[in-house]
């Protein structure tokens, strides 16, 4: 008579619709890519049309936007920021540097592939990606959310040991709080 | 005991209507802000989507008991404020619990939400929250004084502390209190700018400066509760001001028109103004609005 599965399916559709159209980003803007965010958010390209909005703190955010290269020192802060965010949370790797190191591929002090340290949902390539590319990356993320495929946070929990091992390999002075989530 | 069904209906429907109207006004604000900044802007129901998303967040954090109770206090204060304001004039369903002395009661209960939020934010231990709370409570002291002055002037003038009596006085539009006691209106509307928290009085939640202030450690469902509370409280304040100064409303269309015009005053001011520091805003509230409040009382007494 009352189909529980169908009901939860409808709830999921509503949830995913709301999540898809309300992406609050916390932009980790230490790389050069941060310069592309102001034009994306302001009147020329206006990302607020898609419900994309900056958020003030990691607690309120949904999307962690890694704009460009990460040095080993900043990686530690990024990991802590990511772990403070509340689920469901997504990571967007922005620019070539997060994919293969980009122009910093032989640097002694930056990480090469972000995916070894944090679960990335969408990559936006380019050096720099223009605002059009940024918005198309966000729309790709919206599609993934609508299909329920943006499961980076789940992957992170399942493979936590593997991620931790990689993180500890590059971060020499590992003094991080132990979380119990 | 006889069950008063119309009151029960009012209890159920007033917060729902307040939430829907408040959320739509919030979305409208974002669209208007975007158009002023030469952008297209989000859809009008964007705030509703944000709130649904925040409620559907899965993980939550724990900093202690008051952190859980802070947003609950805020929403309690909002709904209680709403219950003591007659939403529709002479309606059996939407007059709610207005009673003799409710103006004085409202003065107290409207502050309760901010105090609850202050307690909740204090428990999280975030320094930005503490700064935001101290700024917010200072500003509260600033705008409460002219607001109380305006209300006292009206209480003396009409010898009543009941909102329904005030509504009965304003039976024709020439008798609206905005025309009968313009200085009280000036003082109250300037205090209203501070109450709504838009620029230039948005130093409390300044997002780029102190990371959104009191709610900086709140995410997910707590933030959802706060946004819900804020929507309901916005509507409650607008209806209160409509009842006191604009003669109330006898149907929903009039109510929406009057509240929307009132709501546009802080919104449009907020779009064009930069931000005051705390001491600047207190200095502002204790100069012109307070002056208008004193003038209003003097005009009534002499």
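Along Cα→Cβ, 7 Å out, is where each label goes; now give me the distance between the ones at residue B:252 and residue A:77 in nm to one decimal.
Placing both labels 7 Å along Cα→Cβ, they lie 5.0 nm apart.
Once each part is reduced to its C-alpha centroid, what is the distance from segment A:54-130 to segment B:226-283 in angstrom?
That distance is 41 Å.
Which residue fluctuates the most in chain B, going by a Gaussian network model with Cα springs under 10 Å, if the choices are B:167, B:268, B:240?
Result for chain B, Cα springs under 10 Å: B:268 fluctuates most.
Ranked from highest to lowest mean number of other Cβ atoms within 10 Å per residue, what is the order of the peptides B:285-293, A:98-106?
Top to bottom by mean Cβ count within 10 Å: B:285-293, A:98-106.
Return the average number of partner chain Cβ atoms within 10 angstrom of each residue Cβ along peptide A:83-96.
Other-chain Cβ atoms within 10 Å of each residue's Cβ, averaged: 2.
In percent, how large is the relative contact order of segment B:103-195, given Cα pairs closer than 8 Å and 6 or more residues apart? Please report the intermediate quantities before stating the final value.
Numbers: 49 pairs, mean separation 31.4, N = 93.
It comes to 34 percent, rounded to a whole number.
How many Å³ per residue does the convex hull of the Cα positions in chain A occupy?
Hull volume over Cα atoms, normalised by residue count, gives 119 Å³.
Let me know the mean shielding of B:215-227 by other chains, meaning the per-residue number of their Cβ atoms within 10 Å of its Cβ.
On the way: counts 4, 5, 5, 3, 11, 5, 1, 3, 5, 0, 0, 0, 0.
The per-residue average across the peptide is 3.
Report, in degrees rounded to the nearest 10, the 0 to 90 angle that the Cα long axis of helix A:4-20 makes with the longest principal axis of chain A.
Once rounded, the angle reads 50 degrees.
With a 10 Å radius around each residue's Cβ, average the other Cβ atoms per peptide and rank B:251-263, B:79-91, highest first.
Ranked by mean Cβ neighbours within 10 Å, highest first: B:79-91, B:251-263.
Suppose we keep just the DSSP beta bridges with both residues in chain A; what percent of those would be antiparallel, to 5?
Roughly 5 percent of the DSSP beta bridges within chain A come out antiparallel.
Which order do the peptides B:102-108, B:139-145, B:48-54, A:88-94 come out in when sorted by mean C-beta neighbours inside 10 angstrom, highest first?
Ranked by mean Cβ neighbours within 10 Å, highest first: A:88-94, B:48-54, B:139-145, B:102-108.
What is the average number of partner chain Cβ atoms found within 10 Å of a Cβ in B:26-38? Walk me through the numbers on the way to the answer.
On the way: counts 0, 0, 0, 0, 2, 1, 0, 1, 4, 0, 0, 4, 4.
That works out to 1 on average.
Starting from the alpha-carbon convex hull of segment B:16-137, give the projected area averaged over all orientations, in nm².
The number I arrive at for segment B:16-137 is 10.5 nm².
With a Förster radius of 51 Å, plug the Cβ-Cβ distance of residue A:103 and residue B:268 into 1/(1 + (r/R0)^6) and report the FRET value to the nearest 0.05. Each step should come with its number before you reach the end.
Values: r = 47 Å, r/R0 = 0.92.
Once the sixth-power term is evaluated, E becomes 0.60.
Tell me, what is the percent relative contact order of segment A:1-53, built from C-alpha pairs under 8 Å that lie six or more residues apart?
38
Could you check which residue among B:121, B:206, B:236 shows the biggest mean-square fluctuation in a GNM of chain B with a 10 Å Cα cutoff?
In this elastic network of chain B, the residue with the biggest mean-square fluctuation among B:121, B:206, B:236 is B:206.
Taking only C-alpha pairs under 8 Å that are 6+ residues apart, what is the relative contact order of segment A:1-142 in percent?
23
Taking only the alpha-carbon positions of chain B and ignoring solvent, what does the Debye formula give for the base-10 log of I(q)/I(0) at q = 0.13, 0.16 Å⁻¹?
-0.96, -1.44
Select from A:28, A:117, A:45 the residue whose mean-square fluctuation is largest in a Gaussian network model of chain A (Cα-Cα springs shorter than 10 Å).
Looking only at A:28, A:117, A:45, the biggest GNM fluctuation is shown by A:45.
Quick one: grab Rg to one decimal and Dmax as a whole number for the protein assembly as shown, Cα atoms only, in Å.
Values for the protein assembly as shown (Cα only, Rg and Dmax): 25.2, 84 Å.
For the Cα atoms of chain A, what angle does the longest principal axis make with the long axis of helix A:72-84, in degrees from 0 to 90, nearest 10?
So the helix axis and the longest Cα principal axis differ by about 20 degrees.
Compute the long axis of helix B:127-158 from its Cα atoms, compare it with the longest principal axis of the Cα atoms of chain B, and write down the angle in degrees, 0 to 90, nearest 10.
10
222 nm [θ] for chain B, helices only, -39500 (n - 2.57) per DSSP H run of 4+, per residue, to 500?
-24000 deg cm²/dmol
Since every read-out is calculated from the coordinates, none of them should be taken as a lab result. Just so it is clear, the model here is predicted, and its values are computed rather than measured. We place every Cβ from the backbone using ideal geometry, glycine too, and count neighbours over all the protein chains shown.
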